[in-house]
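Below is one structure, written out as structure tokens, with a few remarks after it.
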Amino acid sequence: MPVARLLIQRGAQGEPARQDAFEITFEPGESVLDGLRRLRVEADPTLAFRYACLNANACKECMMTLDGKVIYACTARIEPRDMVLAPLPNKPLVRDLVTVIAPSDERWTPGSD
């Protein structure tokens, strides 16, 4: 059975980045987000990534890089090969694949409406 190998940048702001490798069974048509969700359930519940899926390709919550290119994890597809996932460049890192996407003055907070 074909395997996808996800090489994921890990770590938090202020820590040295490391790369963890995970192998998952390749499922044709599965999105990168599906694969990450499966990894978190089956292999590592500490893996951090963001998604909302309220309106595919509109929320921008699951943006990250795949092989150096910015993608939406909900629309990019898993392939049976090595795939390098990293957080967005030039954005403040929170942890693993999570970055601060919207500037603080654009984020909704309770009581701000």
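Under unit Cβ charges (Lys, Arg +1; Asp, Glu -1), what dipole magnitude, rounded to 20 debye, does segment 3-102 have relative to its Cα centre?
Details: 13 positive and 13 negative charges, 64 e Å.
I would put it at about 300 debye.
I need the Kirkwood Rh of segment 3-102: take the reciprocal of the average 1/r across all distinct C-alpha pairs and report it in angstrom. Don't skip to the end; give the middle numbers.
Values: mean 1/r = 0.0743 Å⁻¹.
It works out to 13.5 Å.
Values in this text are rule-based calculations from the coordinates and carry no lab data. It should be emphasised that the depicted structure is a prediction, and the values quoted were computed from it without experimental measurement. Backbone-built Cβ (ideal geometry, glycine too); neighbour counts: all protein chains shown.
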